[in-house]
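Novice: Sharing a structure below in structure tokens format, with a few things to ask.
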Amino acid sequence: MSETAIRAAIVEVNAELERRGMNVCSTGNISVRWNDGMLITPAGCRVETLAPEHIVFTRFDGTWDGPLRPSSEQAMHRAVYQHAPAAKAVVHSHADNCVALSTFRKPIPAFHYMIQGFGGMEVPCVDYHPFGSEELGEAAGKALAERTACLLANHGMLARGATLLAAFEAALKLEALARQYLLASSLGAPTLLTAEEWVTVQQQYRTYGKAQALDRQPRWQLP
């Protein structure tokens, strides 16, 4: 993918996240790994005005090109790329259900087999740190070294992927599972899958979603 195409895709995903209620106004941010840094949404960006030329190239040393400042969460995105070499894109969202769960400062446990899709038997919740801080970035980066998504205490969620589409889908799936876990918890403590049951889940996940070579591109194009 060319830089021009990636910039356009970031703008499209940013708009799609808001259409789906995952973000509102200037919340959330998106990045894609590029050269010795990343292409990331600018600070305070809004769907109504964001254009491809506004996406900021930010190096991993913290410097950037152009008149616009990168997202206040650039440290968090940078840390994910540094801790997870396989990560090519990162999506941060303030989606309602993820935010609600994050206030409990607990991981999402193995109440559903799809938790395995994020790399383990639970989705971790990163301890609280001020937004935009290096401390938050480092904690989130470590959490996503072995997982593809996590909650951020009293803040929201973070997802990574090998493509922008993969990171976007991880964010959508995590929000759906967060909503389902909240619904289940409203009746009491959900029954969790056992370690024995989880072994079967892990085995089945080796081919889960890979059986058919279908065109997975959505109506809007992503790298």
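Novice: Can you pull out every residue in segment 50-71 that is surrounded by 15 or more Cβ atoms within 10 Å (Cβ to Cβ) and either polar (S, T, N, Q) or in a loop (DSSP other than H, G, I, E, B) (or both)?
Specialist: Matches in segment 50-71: 50, 55, 58, 60, 68, 71.
Novice: Right, here's the next one. Residues being outside any loop (DSSP other than H, G, I, E, B), in contact with a Leu (Cβ under 7 Å, 6 or more places away or on another chain) and either crowded, with 18+ Cβ neighbours inside 10 Å or β-branched (Val, Ile, Thr) (or both): count how many of those fall in segment 94-114.
Specialist: Adding up the residues that qualify gives 5.
Novice: So residue 31 fits all but one of (1) polar (S, T, N, Q); (2) free of Cβ contacts under 8 Å to residues at least 60 places away in the same chain; (3) within 19 Å of residue 169 (Cα to Cα); (4) assigned to a helix (DSSP H, G or I); what number is the exception?
Specialist: (4)
Novice: Then there is this: Do we find that residue 105 is in contact with a Cys (Cβ under 9 Å, 6 or more places away or on another chain), under 30 Å from residue 203 (Cα atoms) and among the basic types (Lys, Arg) in this structure? Before you say what the answer is, go through the steps one by one.
Specialist: On the way: in contact with a Cys (Cβ under 9 Å, 6 or more places away or on another chain): yes; under 30 Å from residue 203 (Cα atoms): yes; among the basic types (Lys, Arg): yes.
The answer is yes for residue 105.
Novice: Which residue pairs have Cβ atoms closer than 7 Å, lie 6 or more positions apart in sequence or on different chains, and pair a first residue in segment 72-86 that is among the β-branched types (Val, Ile, Thr) with a second residue that is outside any helix (DSSP H, G or I) and at pLDDT 95 or above?
Specialist: Taking only residues 6 or more apart or on different chains, the pairs are 80/87; 80/90; 80/144; 80/160.
Novice: Mind listing just one residue for me: the one in segment 34-49 that is farther than 25 Å from residue 98 by Cα and assigned to a loop (DSSP other than H, G, I, E, B) and, of those, modelled with the lowest pLDDT?
Specialist: 49
Novice: Picking from 71, 102, 93, which residue would you name as being small (Gly, Ala, Ser), within 19 Å of the chain's Cα centre (by Cα), more than 17 Å from residue 143 (Cβ to Cβ) and modelled with pLDDT of 95 or more? Spell out the reasoning first.
Specialist: Numbers: 102 fails: more than 17 Å from residue 143 (Cβ to Cβ); 93 fails: more than 17 Å from residue 143 (Cβ to Cβ).
Matching residue, one of 71, 102, 93: 71.
Novice: Pull up segment 115-152, narrow it to residues that are of a type in the set (Asp, Glu) and part of a loop (DSSP other than H, G, I, E, B), then point me to the one that is surrounded by the fewest Cβ atoms within 10 Å (Cβ to Cβ). Please lay out each step first, then the result.
Specialist: Looking only at segment 115-152, we keep the residues that are of a type in the set (Asp, Glu), and these are 122, 127, 134-135, 138, 146.
Restricting the remaining residues to those that are part of a loop (DSSP other than H, G, I, E, B) gives 122, 127, 146.
Details: 122: 18, 127: 14, 146: 12.
So, considering only residues that are of a type in the set (Asp, Glu) and part of a loop (DSSP other than H, G, I, E, B), the one surrounded by the fewest Cβ atoms within 10 Å (Cβ to Cβ) is 146.
Novice: Something else about it: Among the residues in segment 156-169, are any among the hydroxyl-bearing types (Ser, Thr, Tyr), within 27 Å of residue 34 (Cβ to Cβ), surrounded by fewer than 24 Cβ atoms within 10 Å (Cβ to Cβ) and touching a Pro at 6+ places or on another chain (Cβ under 9 Å)? Break it down stepwise before answering.
Specialist: From segment 156-169, those among the hydroxyl-bearing types (Ser, Thr, Tyr) are 163; that's our starting set.
With within 27 Å of residue 34 (Cβ to Cβ) added as a condition, the list becomes 163.
This time we only want the ones that are surrounded by fewer than 24 Cβ atoms within 10 Å (Cβ to Cβ), so: 163.
Add one more test, that the residue is touching a Pro at 6+ places or on another chain (Cβ under 9 Å), and what stays is 163.
Yes, some residue in segment 156-169 is among the hydroxyl-bearing types (Ser, Thr, Tyr), within 27 Å of residue 34 (Cβ to Cβ), surrounded by fewer than 24 Cβ atoms within 10 Å (Cβ to Cβ) and touching a Pro at 6+ places or on another chain (Cβ under 9 Å).
Novice: Next question, about the same structure. Identify the residue in segment 73-88 that is touching a helix residue (DSSP H, G or I) at 6+ places or on another chain (Cβ under 7 Å) and small (Gly, Ala, Ser) and, among all such residues, is surrounded by the fewest Cβ atoms within 10 Å (Cβ to Cβ).
Specialist: 75
The values are calculated or read from the model by the stated rules, or taken from the named source; none is laboratory data. Since this is a predicted model, take the numbers as computed values, not measurements. Using ideal geometry, Cβ is built from the backbone for each residue, glycine included, and neighbour counts are taken over all protein chains shown.
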